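The values are calculated or read from the model by the stated rules, or taken from the named source; none is laboratory data. The structure displayed is predicted, hence computed values, not measured ones. Here the Cβ positions follow ideal geometry from the backbone for every residue, glycine too, while neighbour counts run over all protein chains shown.
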Amino acid sequence: MTTGSRLTARPLGPDDVAFALRAVGAAQPHHPWSEEELRLSWRTAEQMGRMRTLVLEEAGRPAGWVAVTMWDEAPEREGRMAVFLAGAGPDQFDQAWSIVEDAARELGVGLGRASVWEDDAAALEALGRRGWERKRRERFWRLDLAGDGDRFRELRSAARLRVEGAGLRVATAAELGGEALYPELHRIETVTAADIPRDLPHVPIPYDAWRAWMRPPAVLPERVWVGVSGDRPVGVSHLDYGGTPVATGYTGVLREHRGAGLARALKLETVVQAVDLGVTAVETDNDEANAPILHLNEELGYREIPGQVKLHKLL
């Protein structure tokens, strides 16, 4: 981008989807989005509230885009805001965030919320100047799988023995009824997600919106691992194969069954399955205060990579 250039904005339309994908890939090449991910995120925002997306233009040419979403049940009229603007300096980021803040106010947002990659110094500098306050850190981890399959299989065997000793077992959703089990898995995720440390209270995702993220090729019943007590599902873990990189979709265990090693067993099932499918690495992310899962990541051999800073601003 040209230093000192001025940015303008226009609504993002259907013909801009390919550009939006390229802009995401340029802004965060380590975490590009697929078209399905992009459209699903937009669809979810529209199901749960309101959204505005704008193309940023420099001298009449698309340079990036911004988005603001406000869920109907969001606490404190919170709105999630994002800017995708590759190669920008603090001045261009300042302009972009000014545009998205104005759009958020028009949407009725009272508290702006942003997640910015912690190695994006120019964006963080611009946000600091604009009065955004750093609240929390989302830590990202990468687990290299190549050449390590035997170690993970040994860890899985030990984890299976431990949970079986506690009267529990693990199986795939396909083995337990397939997609007919999904409403119960949604309930488990809704209950356990409320226990995860975060910057704002959790807003449950309705089943229909959740279900849209649980479809092939990203998620299949035979790749969803379930912890079972008797005949009752009490925990779940799965990887999301729909994007790059393959990443943890969700892992959660009901409170009364924590401490028996079930989360570890479930995660190891997903990891060994990924090895068998030829995946070379998987990623996960967790709030900085989620001590149990951070400890598990370290035990399994995940290495930390740049994460995200969560910031707030009263609008």
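Considering the stretch 191-306, the qualifying helices (runs of 4 or more DSSP H), each wholly inside and each with 3 or more residues that are modelled with pLDDT under 95, run over 291-300. Do we have Leu161 as under 23 Å from His238 (Cα atoms) and in a strand (DSSP E or B) here? Against the criterion (under 23 Å from His238 (Cα atoms) and in a strand (DSSP E or B)), Leu161 does not qualify.
The residue that is surrounded by the fewest Cβ atoms within 10 Å (Cβ to Cβ), among those in the stretch 39-81 that are in a strand (DSSP E or B) and of a type in the set (D, E, K, R), is Arg61. Would it be correct to say that Glu154 is acidic (Asp, Glu), assigned to a helix (DSSP H, G or I) and modelled with pLDDT of 95 or more? It is true that Glu154 is acidic (Asp, Glu), assigned to a helix (DSSP H, G or I) and modelled with pLDDT of 95 or more.
Criterion applied to Glu179, Glu175 was being in contact with a Pro (Cβ under 8 Å, 6 or more places away or on another chain) and of a type in the set (Asp, Glu), and the one residue passing it is Glu179.
In summary, Arg162 fulfils each of the numbered conditions (1) touching a strand residue (DSSP E or B) at 6+ places or on another chain (Cβ under 6 Å); (2) in contact (Cβ under 8 Å) with a residue 60 or more places away in the chain with the single exception of condition (1). Checking each residue in the stretch 1-16 for being surrounded by 14 or more Cβ atoms within 10 Å (Cβ to Cβ) and either at pLDDT 95 or above or in contact with a Pro (Cβ under 8 Å, 6 or more places away or on another chain) (or both) picks out Leu7, Thr8, Ala9, Leu12, Asp16. When each of Leu200, Leu268, Leu239 is tested for being buried (at least 18 other Cβ atoms within 10 Å of the Cβ), hydrophobic (A, V, I, L, M, F, W, C) and in contact (Cβ under 8 Å) with a residue 60 or more places away in the chain, the lone residue that passes is Leu268.
Given the criteria surrounded by fewer than 17 Cβ atoms within 10 Å (Cβ to Cβ), farther than 24 Å from Tyr302 by Cβ and among the small types (Gly, Ala, Ser), does Gly112 qualify?
Numbers: surrounded by fewer than 17 Cβ atoms within 10 Å (Cβ to Cβ): no; farther than 24 Å from Tyr302 by Cβ: yes; among the small types (Gly, Ala, Ser): yes.
Spelling it out, it is not the case that Gly112 is surrounded by fewer than 17 Cβ atoms within 10 Å (Cβ to Cβ), farther than 24 Å from Tyr302 by Cβ and among the small types (Gly, Ala, Ser).
Checked against the criterion of being under 30 Å from Leu268 (Cα atoms), at pLDDT 95 or above and over 20 Å from the mean Cα position of the chain (by Cα), the candidates Glu164, Glu101 yield just one match: Glu164.
Annotation: of all residues in the stretch 286-307 being crowded, with 18+ Cβ neighbours inside 10 Å and touching a Phe, Trp or Tyr at 6+ places or on another chain (Cβ under 6 Å), the one that is nearest to Ala159 (Cα to Cα) is Asn297.
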